[in-house]
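Enquirer: First the structure, then my questions, so here it is.
The values are calculated or read from the model by the stated rules, or taken from the named source; none is laboratory data. Since we're looking at a predicted model, the values are computed, not measured. Cβ sites come from the backbone with ideal geometry, for glycine too, and all protein chains shown count toward neighbours. Quick note on the areas: whole protein, heavy atoms, side chains included, nothing else; ligands and nucleic acids left out. Shrake-Rupley method; radii C 1.70, N 1.55, O 1.52, S 1.80 Å.
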Amino acid sequence: MTRTQGWAAVAGVVAVAVTAVAGQLLAALFSPEASPISAVGTITIDVMPQPLKEWAIDTFGTADKLALVVAMVLVIGVLAVVAGAGEYRRRYTGVALIVVFSALGAAAAVSRPAAGAAAAIAPLLAGAAGALLLAGLVNQLRLSVQEAQAAQEAQEAQKSSVAPAAHEAPHAPAAPQAPAARQPLSAGAGMQRRKFLGATAVSAAAGVVGGLVSGSLRQAQSAATALRSAVQLPRPASGSKPIPDAATLKLDGISALVTDTDTFYRIDTAFTVPRIDPTTWRLKVTGMVEQEVEIDFGQLRARPLIERYITLACVSNPIGGELIGNAKWLGWPIRDLLAQASPAADADMVLSTSADGWTAGTPLEVLTDNRDAMLAIGMNDAPLPFEHGFPVRMVVPGLYGYVSATKWVTELKVTRFADDVAYWTTRGWAARGPIKTSSRIDTPRNGANRPPGRLRLGGMAWSQHVGIRAVEVKVDDGEWQPAELAAAISTDTWRQWVADVDLEPGERELTVRAIDRNGDVQIGEFAPPIPSGATGYHSITVQIG
Ligand SMILES: Nc1nc2c(c(=O)[nH]1)N[C@H]1C(S)=C(S)[C@@H](COP(=O)(O)O)O[C@H]1N2
Ligand SMILES: [Mo]
């Protein structure tokens, strides 16, 4: 790359950055629900091939969105360099690239469920501005190059004209003449170059300022933040029983029985977290019902609420993984809302939809039996965090999140599995997702070193809505030995366990399995998360000696 091509690339990066910032800024002003960049991010997630998506969740876990942002920045950066260098090589190629990508951004923004056609305005205007800027900067770069060439040619011409003159008239003072002849040229050569550098610097600065402004605009826009803090949670009509002391076993490294909200896993397809104003939130019950019902947040919080500990698990959780957490939820039983709507006798599914268009299909039966399936408004004694579904989400004991735990829920459509499919079901996952009995060793960690002799292991076991009867551990190919189980909060939550094993020096494999209340033993055969949840036993290796 020559120096000039390098400057063309810089112009490309500046123009593309300004395009992106302008897009965000205009969107913040005109259609806050449809920022082009987050729309592109969301669509990238939607169209990403399944194996890549799984790999991303596996590799980055809950940092998967950050990884996507980094990847997007890299891709956009490369495109920007190509746009700048391309525009310099051939007029309008870089411009065309920016126009095409803003059109794609516009299409992405419009396709978001919350967006109207107006969402296209921001990316299109920003694209036009960015394209003009790139054309202008590269044009200026071209002028400065031409000028530098002209200057060089003039200098060479001057060299050849000044030298003979000195020969012809050795007595004449040549020195004062030379600067006089060179000066206007060299001053001119700097002019266009300075113009190019100045315009590039000003554009870059405008980009930075625009970015800061759009950031603070978004902050201010999240008036929802204030509205969330203003939400006062009512007292439950039916509180959760206090957690028995015996439910907590004292062992370093074992997971907390109740997961802190801050560390609770987060999995969803939302690139930007929906920030919903609770005062305008509505939930509609539609579809195969005698009576459509709609409630608002005020009505919901005035209902007799229940408070329950429920362990939520993600179907993508690998054996031994961290995509599971236990929280205290406050909400209204879904069966009470459905009862008001009177579902048709031949309906068997409720398709719940979120504010951002995601859907889950839950068996109607599970939502109407006596379990504590709820429309939750509180998590661990606080309003739901935005990331976990503020103002209202579903929590259903016994089912994986992808078929039940709709965050930012706005509609429950009573329907049939034969007639409707939910988001993940169209992407290769099972239509029904009961949680599989599983268990995990939390301590020691895989690969740990320990002295020979007695070692205390500990971890968690779960079989939501059925309950855990026993946990067993084994060393290498030895016999299964019973673990000590902590008391249960309820069948809907996970349980801690500990076990003491005697270990000989060498590399030892430790394995755990759970047995549910029906006497069914955790499935030992390995299966990946897709299509209906991982199976297999969690094993770790420790170095003894
Ligand atoms: N609106 C919406 N709700 C959603 C999802 C989503 O992508 N969008 N993901 C589901 C999945 S797969 C899981 S495991 C749980 C996770 O809930 P959490 O992020 O509060 O832990 O939310 C569920 N609810
Ligand atoms: Mo999930």
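Residue-wise test of (1) within 19 Å of the chain's Cα centre (by Cα); (2) more than 16 Å from ligand 2 (Cβ to nearest atom).
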position	(1), (2)
Val366	no, yes
Asn370	no, yes
Met374	no, yes
Ile377	no, yes
Asn380	no, yes
Arg393	yes, no
Val396	no, no
Tyr402	yes, no
Lys407	yes, no
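Enquirer: Within segment 202-223, identify whether any single residue is open to solvent by less than 30 Å² (accessible area, probe 1.4 Å) and either in the same structural domain as Ala405 (by TED's automatic domain parsing) or in a loop (DSSP other than H, G, I, E, B) (or both), and answer yes or no.
Expert: For segment 202-223, residues open to solvent by less than 30 Å² (accessible area, probe 1.4 Å) and either in the same structural domain as Ala405 (by TED's automatic domain parsing) or in a loop (DSSP other than H, G, I, E, B) (or both): present.
Enquirer: (1) open to solvent by 10 Å² or more (accessible area, probe 1.4 Å); (2) at pLDDT below 90; (3) in contact with a helix residue (DSSP H, G or I) (Cβ under 6 Å, 6 or more places away or on another chain); (4) closer than 22 Å to Thr44 by Cβ: which one isn't true of Leu97, the others all being true?
Expert: Here Leu97 clears every test but (2).
Enquirer: Also: Would you point out the residue of segment 326-336, among those that are assigned to a strand (DSSP E or B) and within 20 Å of Pro391 (Cβ to Cβ), that is nearest to ligand 1 (Cβ to nearest atom)?
Expert: Going through the qualifying residues, I end up with Ala327.
Enquirer: Considering segment 396-430 alone, what residues qualify as being open to solvent by 20 Å² or more (accessible area, probe 1.4 Å), within 14 Å of ligand 1 (Cβ to nearest atom) and in a loop (DSSP other than H, G, I, E, B)?
Expert: Tyr423, Gly428, Ala430
Enquirer: Turning to a different aspect of this structure: Considering every residue within segment 339-346, establish whether at least one is in contact with a helix residue (DSSP H, G or I) (Cβ under 9 Å, 6 or more places away or on another chain), away from ligand 1 (no atom under 16 Å from the Cβ) and farther than 27 Å from Val512 by Cβ.
Expert: Within segment 339-346, one or more residues are in contact with a helix residue (DSSP H, G or I) (Cβ under 9 Å, 6 or more places away or on another chain), away from ligand 1 (no atom under 16 Å from the Cβ) and farther than 27 Å from Val512 by Cβ.
Enquirer: Could you tell me which of the residues Ile267, Ile319, Ile310 is within 14 Å of ligand 1 (Cβ to nearest atom), outside the structural domain of Gly536 (by TED's automatic domain parsing) and part of a loop (DSSP other than H, G, I, E, B)?
Expert: When all the criteria are applied, what remains is Ile267.
Enquirer: Report every pair of residues separated by at least 6 positions or lying on different chains whose Cβ atoms are under 9 Å apart, first residue within segment 528-545 and part of a strand (DSSP E or B), second among the aromatic types (Phe, Trp, Tyr).
Expert: Thr535/Phe526
Enquirer: Is it true that some residue in segment 337-360 is modelled with pLDDT of 95 or more, in the same structural domain as Met394 (by TED's automatic domain parsing), in a helix (DSSP H, G or I) and open to solvent by 10 Å² or more (accessible area, probe 1.4 Å)?
Expert: yes
Enquirer: In addition: Could you check, for segment 467-484, whether at least one of its residues is open to solvent by less than 50 Å² (accessible area, probe 1.4 Å), out of contact with any strand residue (DSSP E or B) (no Cβ under 7 Å at 6 or more places or on another chain) and more than 23 Å from Ile523 (Cβ to Cβ)?
Expert: No, that holds for no residue.
Enquirer: If a residue counts only when it is under 29 Å from Gln192 (Cβ atoms), which helices (runs of 4 or more DSSP H) contained entirely in segment 45-159 have at least 1 such residues?
Expert: By residue number, 64-89, 93-111.
Enquirer: Take segment 438-464 and flag every residue that is crowded, with 23+ Cβ neighbours inside 10 Å and in a loop (DSSP other than H, G, I, E, B).
Expert: Within segment 438-464, Ser463, Gln464 qualify.
Enquirer: Would you check which residues across segment 235-252 are closer than 23 Å to Asp492 by Cα, in a loop (DSSP other than H, G, I, E, B) and not hydroxyl-bearing (Ser, Thr, Tyr) and list them?
Expert: Once the filter is applied, which keeps residues that are closer than 23 Å to Asp492 by Cα, in a loop (DSSP other than H, G, I, E, B) and not hydroxyl-bearing (Ser, Thr, Tyr), segment 235-252 yields Arg235, Pro236, Ala237, Gly239, Lys241, Pro242, Ile243, Pro244, Leu249, Lys250, Leu251.
Enquirer: Does segment 42-59 include one or more residues that are buried (at least 16 other Cβ atoms within 10 Å of the Cβ) and more than 30 Å from Pro318 (Cα to Cα)?
Expert: No, that holds for no residue.
To keep it simple, each residue is scored yes or no on (1) at pLDDT 90 or above; (2) more than 30 Å from Thr44 (Cβ to Cβ); (3) not hydrophobic (A, V, I, L, M, F, W, C).
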position: Ala120; (1), (2), (3): no, no, no
position: Ala126; (1), (2), (3): yes, no, no
position: Leu133; (1), (2), (3): yes, no, no
position: Arg142; (1), (2), (3): yes, yes, yes
position: Ala178; (1), (2), (3): no, yes, no
position: Gly188; (1), (2), (3): no, yes, yes
position: Phe196; (1), (2), (3): yes, yes, no
